[in-house]
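Novice: Mind looking over this structure? Questions follow.
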Amino acid sequence: MATTGNEGSADGSVATAARPAGAADTLRQVVVLLTSLLAIAGAFLGSGAFIGTPIQDAAGGWLDADSTLLAPARPAFAIWSVIYAGLFAYALWQLLPAQRAAPRHRRVGYGVALSLVLNALWIGVVQLGLLGASLAVIAVLAALLGWIFLQLRRMPARSALDGIITDGSIGLYLGWVVVATAANATAVLAAAGFDGGPFEPIVWAVIVIAVAGGIGVAIGLAGRGRLAPMVSLCWGLAWIGVARLTDEPASRITGIAALIAAGVVAVVTIGARIGTIVMERADRQDRLRQEAAATA
């Protein structure tokens, strides 16, 4: 049904009346597409495939898999290929004429574009060895992705395909960046010579893992069981666990803590998902009964 005005729903979702498509929409679509290509170009730079230094070797190697207790094992970073593919798919999806005036793309389009610029900027500052600056960039990126996630939550997808491409891509991006921010912060502290102060490094590692897991739980609840953020966040935590149990610096406590955090995030998110499905089914049944009573 076409939207004729502002809409609200019992779950707090909001949709804005669509105004006719115009030049501003075309500009937004092009900006998102171009920034997606910029991010992909930055990824090639960060891979060291043609030019640039591989991320694990840049910035003194502090972002490598064996640099800190919070560094995921190298296979974890393969998820970037999936994330970039999803973001490029989103750039193409929102470029379609049917998506040109979609309220949710209008709401988050420039935010997504900015996140792609920040992604490329992060790779650039790491290439320059500016580890402290990289933490500032990725922290802003994480906050921005959180905002985008909440906007999409308030403006539900109108089709399953839009949900997969838009929400799925942003969700994967958000979940992984949460883990990457934790790893980046730990790398900055280690590079600065921080030895844990009054606590052992392992204690700090467990605290940071708990914070990342807590954010994952909050995302799962706020998103009413959105699976994409859970998948990438748990992927990252699990690979931190694998790295600490099988590689240097070895830490059984850190590894187990990371695996437990991943399990908690998964259980809470899946539980929220099941709860959402049950509530939506009950709401549909109530509406059907009310309609039947009205026509009786």
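Every number here is computed from the coordinates shown, using simple stated rules; none is lab data. Note that this is a predicted model, so its numbers are computed, not measured. Here Cβ is always computed from backbone atoms with ideal geometry, including for glycine, and neighbour counts include all displayed protein chains.
Novice: Cut-off 10 angstrom, C-alpha nodes, Gaussian network model of the chain. Which of Ala49, Ala91, Ala205 fluctuates the most?
Specialist: Maximum fluctuation in the GNM of the chain, among the listed residues, is at Ala49.
Novice: Shifting gears a bit: With mean projected area of the Cα convex hull in nm² as the read-out, I listed (i) 16.9; (ii) 20.9; (iii) 17.7; which label goes with the value calculated from this structure?
Specialist: The calculated read-out lines up with (i).
Novice: Work out which chymotrypsin sites (Phe, Trp or Tyr not before Pro) in the chain are exposed loop sites (DSSP not H, G, I, E or B, at most 15 other Cβ within 10 Å) and give the longest gap free of them.
Specialist: Free of exposed loop sites, the longest segment is 51-193.
Novice: With a Förster radius of 30 Å, plug the Cβ-Cβ distance of Leu130 and Ile164 into 1/(1 + (r/R0)^6) and report the FRET value to the nearest 0.05.
Specialist: Efficiency at R0 = 30 Å is approximately 0.25.
Novice: Place a point 7 Å from Cα of Ala101 in the direction of its Cβ. Which residues in region 19-38 have their backbone N less than 14 Å from it?
Specialist: Taking a point 7 Å out along Cα→Cβ of Ala101, the residues of region 19-38 whose backbone N falls under 14 Å are 19-26.
Novice: What is the chain's relative contact order, in percent, from Cα pairs under 8 angstrom and six or more apart in sequence?
Specialist: With pairs under 8 Å counted, the relative contact order is 20 percent.
Novice: Quick one: if you stick a label point 7 Å off each Cα along the C-beta vector at Ala85 and Ile270, how many nm between them?
Specialist: 2.4
Novice: Separate question: Would you calculate the separation in nanometres between label points at Leu34 and Leu288, each defined as 7 Å from the Cα along the Cα-to-beta-carbon direction?
Specialist: It is 5.1 nm.
Novice: Here's a follow-up. Taking the chain as a Gaussian network, where each spring joins two C-alpha atoms under 10 Å apart, which residue of Ala113, Ala76, Ala98 fluctuates the most?
Specialist: Most flexible of the set in this elastic network: Ala98.
Novice: What helices does the chain have that are whole DSSP H segments, at least 15 Å long along their own axis by Cα, and with mean Kyte-Doolittle hydropathy of 1.0 or more?
Specialist: 23-47, 79-93, 131-154, 168-191, 201-222, 227-246
Novice: While we're on this one: Which one, Ala191, Ala120, Ala243, has the greatest fluctuation when you compute a Gaussian network model over the chain with C-alpha springs under 10 angstrom?
Specialist: Ala191
Novice: On a full-extension model of 0.36 nm per residue, what is the gain between Ala23 and Ala192, subtracting their alpha-carbon distance, rounded to one decimal in nm?
Specialist: Extending this stretch completely gives an extra 56.0 nm.
Novice: Here's a follow-up. Can you compute the FRET efficiency between Glu200 and Ala222 using 1/(1 + (r/R0)^6), with r the Cβ-Cβ distance and R0 = 22 Å? Round to the nearest 0.05.
Specialist: E(calc), rounded to 0.05, equals 0.10.
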